[in-house]
Amino acid sequence: MSDAPALRPFLPTDVPVLAAIFAAAIEELTGDDYSEEQQQAWAAVAEDEGAFGKKLASELTLIATLRNAPVGFASLKGKDHIDMLYVHPGAAGQGVASMLLDALEKLAGGRGADKLTVDASDNAEGFFRKHGYVAKQRNSVTVNGEWLANTTMQKTLGAKP
Ligand SMILES: CC(C)(COP(=O)(O)OP(=O)(O)OC[C@H]1O[C@@H](n2cnc3c(N)ncnc32)[C@H](O)[C@@H]1OP(=O)(O)O)[C@@H](O)C(=O)NCCC(=O)NCCS
């Protein structure tokens, strides 16, 4: 079996493992930019697996696997908004998110999008900048009663990063 990461579409049976990846990514990869209270409120979004699964199924969700096990996921909302991008801390820094993002950009292009937007968390802003996304606007959103800042970023598809 190859050790290279692979992509496949989301299946309803993936929900528990994706909820675990979501919580672990937030807990272990966002602590430089968000307080423990903010991290807990954000991670709690996946606690209601029914609602979390519904959201994943309502968007175009891709799963990244390593040796057949899911290690990350990304979702495209409509034709031009990246809603979620999460990689398990144990698989971070190996290009998994870059692979997911490249695939979503191609799928968005296939849906007729000429640009893509994302509300990037502060820890992910550098990652998106590296991939050609430009900051447009700072936002504050409430998640489970906590205020979290993020930045709306945009990339023109077809343009060089
Ligand atoms: C952001 C996240 C998805 C990146 O996943 P990843 O698989 O580790 O990313 P990659 O390995 O594809 O990173 C690609 C490049 O971006 C760089 N990068 C990652 N985070 C970065 C940052 N904060 N600032 C600058 N560069 C960064 C990496 O160094 C890597 O560069 P390299 O290829 O030259 O080594 C992951 O850290 C995560 O799940 N974070 C928590 C959840 C989150 O905030 N998601 C975004 C919601 S919008």
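Each row is one residue, and each column tells you yes or no for (1) in contact (Cβ under 8 Å) with a residue 12 or more places away in the chain; (2) over 24 Å from Lys106 (Cα atoms); (3) among the basic types (Lys, Arg); (4) in contact with a helix residue (DSSP H, G or I) (Cβ under 6 Å, 6 or more places away or on another chain).
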{"residue": "Glu28", "(1), (2), (3), (4)": "yes, yes, no, yes"}
{"residue": "Glu49", "(1), (2), (3), (4)": "yes, yes, no, yes"}
{"residue": "Ala74", "(1), (2), (3), (4)": "yes, no, no, yes"}
{"residue": "Met84", "(1), (2), (3), (4)": "yes, no, no, no"}
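Would you pick out the residues in segment 78-121 that are of a type in the set (A, V, I, L, M) and not in a helix (DSSP H, G or I)?
Listed by number, the residues that qualify are Ile82, Met84, Leu85, Val87, Ala92, Ala113, Leu116, Val118, Ala120.
Would you pick out the residues in segment 52-67 that are over 10 Å from Leu18 (Cβ atoms), assigned to a helix (DSSP H, G or I) and in contact with a strand residue (DSSP E or B) (Cβ under 9 Å, 6 or more places away or on another chain)?
Once the filter is applied, which keeps residues that are over 10 Å from Leu18 (Cβ atoms), assigned to a helix (DSSP H, G or I) and in contact with a strand residue (DSSP E or B) (Cβ under 9 Å, 6 or more places away or on another chain), segment 52-67 yields Lys55, Ser58.
How about segment 19-37: which of its residues are within 12 Å of the ligand (Cβ to nearest atom) and part of a helix (DSSP H, G or I)?
Ile21, Phe22, Ala23, Ala24, Ala25, Ile26, Glu27, Glu28, Leu29, listed by residue number.
Return the residue satisfying two criteria in turn: it lies in segment 96-108 and is near the ligand (Cβ under 9 Å from one of its atoms) and over 10 Å from Gly72 (Cβ atoms), and of such residues it is surrounded by the fewest Cβ atoms within 10 Å (Cβ to Cβ).
Ranking the candidates gives Ser98 first.
Consider Gly112 carefully, then state whether it is surrounded by fewer than 20 Cβ atoms within 10 Å (Cβ to Cβ), away from the ligand (no atom under 12 Å from the Cβ) and under 16 Å from the mean Cα position of the chain (by Cα).
Answer is no for this residue.
Only the coordinates and a few stated rules stand behind these numbers; no lab work does. None of these values were measured; they are calculated from a predicted model. Ideal geometry is used to build each Cβ from the backbone, glycine not excepted, and the neighbour counts take in all protein chains shown.
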